Amino acid sequence: MLANGNRLDQSTKLMAELKTKPNNQNVDDFLKKVSDPAKRKNCHRVLDIMKQITQQEPKMWGDSMVGFGNYHYQYTSGREGNWFLTGFSPRKQSLTIYIMSGFDQFEHLMSQLGKYKNSKSCLYVKKLDDIDLGILKELIAESIKLLSKRYS
């Protein structure tokens, strides 16, 4: 029930769409706009790593995220949508790498990764030289495998 007394039915809840969707913006043009040369170089390195692992071409999601692949999710609440398997964004504070499966099951990899911060599915890295790229590659690949099992 809404504050004004009207009911919010299930179909209305499911109609709420994500604002961030894949689009036809050019990834290379987006990366050219990254003003910090070191961050831009790191973005290209992550781009190459994700292309290699996913064997897919990148797509822009919204105005600031580069994503690879996609999967369809549906929560027990009924909310569902599509999202990328992995991706990144050159944020002001750090390079954000999206590990969509989360990190709980990857403690063994996280302990070897290097200097980073993280939230539920975001890995925040100041510079790629601070982390072990071999471990990052393994983390991305394992996350994609887990999502593929979970949402197949």
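Bear in mind these aren't lab numbers, they're just calculated from the coordinates by the rules spelled out. Predicted model only: the values in this text are computed from it and were never measured. Backbone-built Cβ (ideal geometry, glycine too); neighbour counts: all protein chains shown.
Observations on the model:
- Its Cα centre serving as origin, the chain has a Cβ charge dipole (Lys and Arg +1, Asp and Glu -1) of approximately 340 debye.
- Cα long-axis angle, helix 37-54 against the chain (0 to 90 degrees, to the nearest 10): 70
- At the listed q of 0.09, 0.12 Å⁻¹, the Debye profile of the chain, built from one uniform point per Cα, gives log10 I(q)/I(0) equal to -0.33, -0.55.
- By the helix-only formula, in which each DSSP H run with n ≥ 4 contributes -39500 (n - 2.57) and the sum is divided by residues, the chain has a 222 nm mean residue ellipticity of -11000 deg cm²/dmol.
- Taking the fewest neighbouring Cβ atoms within 10 Å as the starting point, the ordered list for Leu113, Leu47 is Leu47, Leu113.
- Cα long-axis angle, helix 133-150 against the chain (0 to 90 degrees, to the nearest 10): 20
- Within the chain, the longest run free of trypsin sites (Lys or Arg not before Pro) that sit in a DSSP loop with at most 12 other Cβ atoms within 10 Å is 34-78.
- Length gained on full extension, His72 to Asp29: 12.7 nm, using 0.36 nm per residue less the C-alpha separation.
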